[in-house]
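Since every read-out is calculated from the coordinates, none of them should be taken as a lab result. On a predicted model such as this, the values are computed, not experimentally measured, just so you know. Cβ placement follows ideal geometry from the backbone for every residue including glycine, while neighbour counts extend to all protein chains displayed.
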Amino acid sequence: MSPLTITIRDAGTGPVLEIAGDLDHYTASELRKAVDGVTVAVGQLLVLDLAGLEFCDSSGISALLSARSVAVEQGGGIALAAVPANTARILRIVGLDQVFAIHPDAAAATAHGSVAG
């Protein structure tokens, strides 16, 4: 079990949260708190960089959906970057690959400039 770490940085497109470790029943609330602490301006993009994600269970998926809701409520959008293969497979199976914009890495996600990208 790897502890969850969340690092927040700003990009020209909006906040980027770098998520590493295990996103599960025990840590999903940490992601929710981190997302609640960021502001996504109208037209901006909240990017969740999952390059360091080692494990994600259904509670983690729920936290990703919660982050999407927060971003949309603030008038922005959300993108996932560097989604690990196991998590990408789960997203595809449940159809969430149609809900989230998915990019190969954070640089690609932040290159678009706005939620319309």
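Filtering region 9-26 to residues that are among the acidic types (Asp, Glu) and either over 15 Å from residue 80 (Cβ atoms) or over 14 Å from the mean Cα position of the chain (by Cα) (or both) leaves 10, 22, 24. Pairs are defined by a Cβ separation below 7 Å, a sequence spacing of at least 6 or placement on different chains, a first member in region 20-43 that is within 19 Å of residue 9 (Cβ to Cβ), and a second member that is assigned to a strand (DSSP E or B) and of a type in the set (D, E, K, R); the pairs so defined are 21/54.
Within the option set 43, 60, being exposed (fewer than 15 other Cβ atoms within 10 Å of the Cβ) and of a type outside the set (Lys, Arg) holds for one residue only, 43. Do we have residue 51 as within 19 Å of residue 109 (Cβ to Cβ), of a type in the set (A, V, I, L, M, F, W, C), surrounded by fewer than 23 Cβ atoms within 10 Å (Cβ to Cβ) and over 14 Å from the mean Cα position of the chain (by Cα) here? No; evaluated as a whole, the condition is false for this residue. Within region 91-115, the set of residues being part of a helix (DSSP H, G or I), surrounded by fewer than 18 Cβ atoms within 10 Å (Cβ to Cβ) and not basic (Lys, Arg) comprises 93, 97, 98, 107, 108.
Just so you know, in region 10-25 the residues that are out of contact with any helix residue (DSSP H, G or I) (no Cβ under 6 Å at 6 or more places or on another chain) and among the acidic types (Asp, Glu) include one that is surrounded by the fewest Cβ atoms within 10 Å (Cβ to Cβ), and it is 10.
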